[in-house]
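Okay, so here's the structure we're looking at.
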């Protein structure tokens with residue numbers, strides 16, 4: 001999830017854990033604990049783009065890192081707040097819940113999380129919720145603001161931390177339900193439309209959980225389309241994108257290429273834009289694919305111009321959005 005959501009959710013968890021006995025300091029520690037795994041953003045200060053792609057949500061989102069940082073934070077908090085009646089065990093349990101919650105939630109986005117780094121580079125991504133979904137983030141955000149405003153012993157503080165913790169997880173359960181149904185529909189449709197594939201994935205289109213982006217194919221290329229949970233017809237209008245591996249021969253020794261292929265989990269295509277080779281990671285969707293099915297992919301990496309790839313993951317994500325695009329999104333969500 002995005003950083004602001006983690007901060008708000010962490011603050012609610014802090015309030016839930018300590019409630020009235022620790023005042024608003026619990027909000028601070030909760031927000032801090034939820035933010036710790038995202039310290040990996042600092043790697044962008046010295047790593048090149050391809051290395052940074054693999055570092056993000058890598059070791060700092062691993063179980064190993066979590067087990068190492070929890071006692072450090074617990075000992076620090078326990079020492080700062082002396083004298084107090086909070087045991088070291090309580091601090092350890094609190095930081096364990098809050099930080100593990102962070103790396104667990106991030107696994108539901110499409111970026112992928114390296115839970116077993118550095119022993120395994122396997123990434124986990126359930127692709128069940130968009131990385132910035134306002135229908136998930138709204139509830140902890142409201143609760144966080146209320147907990148900041150209300151006095152330490154206000155009777156409604158208990159209601160607000162429950163509001164901020166329970167509602168987003170109910171929504172996450174709803175997203176997972178949608179994911180299961182969409183996957184079942186997609187497999188049935190691929191079979192019905194006689195589309196051969198060795199791998200596929202589904203992930204929500206931006207900012208909601210009703211319209212899903214679908215990619216299926218093999219080493220030759222991929223079929224790309226959209227499926228709404230409200231679609232009544234068992235069909236998807238797919239666009240085919242050849243993988244074009246042959247275009248990579250001139251840059252086969254490119255130091256970033258193998259890292260990009262590993263990062264993409266084989267869901268990539270290659271294109272020529274003028275005299276420039278472009279590597280597309282299909283997992284991050286198209287810029288406005290529901291409005292223009294041949295649009296560029298959000299993640300497009302210029303293989304011969306490393307310096308132009310700083311914002312590669314979300315390059316132009318909302319660049320072409322206007323009121324007509326929003327209306328097209330809403331219309332497509334309503335179903336066919």
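Are any residues in segment 280-312 surrounded by fewer than 19 Cβ atoms within 10 Å (Cβ to Cβ) and at pLDDT below 75, and if so, which ones?
Across segment 280-312, the qualifying residues are 305, 306, 307, 308, 310, 311.
Could you pull out the residue among 241, 230 that is crowded, with 17+ Cβ neighbours inside 10 Å and either in a helix (DSSP H, G or I) or not assigned by TED's automatic domain parsing to the domain that holds residue 131 (or both)?
241
Considering every residue within segment 91-100, establish whether at least one is on the phi < 0 side of the Ramachandran plot and not in a helix (DSSP H, G or I).
Looking for residues that are on the phi < 0 side of the Ramachandran plot and not in a helix (DSSP H, G or I), one finds none in segment 91-100, hence no.
Over 27 Å from residue 319 (Cβ atoms) and surrounded by 17 or more Cβ atoms within 10 Å (Cβ to Cβ): which single residue out of 268, 222, 213, 200 fits that description?
Answer to the selection: 200.
Exactly one of these conditions fails for residue 318: (1) crowded, with 17+ Cβ neighbours inside 10 Å; (2) part of a loop (DSSP other than H, G, I, E, B). Give me its number.
Going through (1) crowded, with 17+ Cβ neighbours inside 10 Å; (2) part of a loop (DSSP other than H, G, I, E, B) one by one, residue 318 breaks only (1).
Give the residue, chosen from 259, 327, that is out of contact with any strand residue (DSSP E or B) (no Cβ under 9 Å at 6 or more places or on another chain), under 27 Å from residue 197 (Cα atoms) and not in a loop (DSSP other than H, G, I, E, B).
From the options 259, 327, the qualifying one is 259.
Which one of these is without any contact (Cβ under 8 Å) to a residue 40 or more places away in the chain and more than 16 Å from residue 102 (Cα to Cα): 54, 45?
45
If we keep just the residues of segment 43-83 that are assigned to a loop (DSSP other than H, G, I, E, B) and surrounded by 13 or more Cβ atoms within 10 Å (Cβ to Cβ), which is modelled with the lowest pLDDT?
47
Among the listed residues 224, 186, which satisfies the condition of being at pLDDT 95 or above and in the same structural domain as residue 290 (by TED's automatic domain parsing)?
None of the other options fit; the residue is 224.
Condition first: in contact with a helix residue (DSSP H, G or I) (Cβ under 7 Å, 6 or more places away or on another chain) and in a loop (DSSP other than H, G, I, E, B). Now tell me which residues in segment 146-156 satisfy that.
150, 152, 153
Can you pull out every residue in segment 115-130 that is touching a strand residue (DSSP E or B) at 6+ places or on another chain (Cβ under 9 Å), in a loop (DSSP other than H, G, I, E, B) and either within 19 Å of residue 173 (Cβ to Cβ) or not assigned by TED's automatic domain parsing to the domain that holds residue 166 (or both)?
Hits for segment 115-130 are 125, 127, 128, 129, 130.
Can you report the number of residues in segment 163-212 which are over 20 Å from residue 105 (Cβ atoms) and part of a strand (DSSP E or B)?
So the count comes out to 3.
Within segment 272-286, track down each residue that is in contact with a strand residue (DSSP E or B) (Cβ under 8 Å, 6 or more places away or on another chain) and within 15 Å of residue 251 (Cβ to Cβ).
272, 276, 277, 278, 279, 280
Hey, any hits in segment 131-145 for a residue that's crowded, with 21+ Cβ neighbours inside 10 Å, in contact with a strand residue (DSSP E or B) (Cβ under 8 Å, 6 or more places away or on another chain) and assigned to a loop (DSSP other than H, G, I, E, B)?
Among the residues of segment 131-145, at least one is crowded, with 21+ Cβ neighbours inside 10 Å, in contact with a strand residue (DSSP E or B) (Cβ under 8 Å, 6 or more places away or on another chain) and assigned to a loop (DSSP other than H, G, I, E, B), which makes the answer yes.
Please verify whether segment 208-215 includes one or more residues that are at pLDDT 95 or above and over 20 Å from residue 298 (Cβ atoms).
Taking every residue of segment 208-215 in turn, none turns out to be at pLDDT 95 or above and over 20 Å from residue 298 (Cβ atoms).
Looking at (1) surrounded by 18 or more Cβ atoms within 10 Å (Cβ to Cβ); (2) assigned to a loop (DSSP other than H, G, I, E, B), which one does residue 160 not meet, given that it meets all the others?
If we test residue 160 against (1) surrounded by 18 or more Cβ atoms within 10 Å (Cβ to Cβ); (2) assigned to a loop (DSSP other than H, G, I, E, B), just (2) comes out false.
The values are calculated or read from the model by the stated rules, or taken from the named source; none is laboratory data. Computed from a predicted structure; not experimentally measured. Methodologically, a virtual Cβ is constructed for each residue, glycine included, from the backbone with ideal geometry; neighbour enumeration extends over all protein chains shown.
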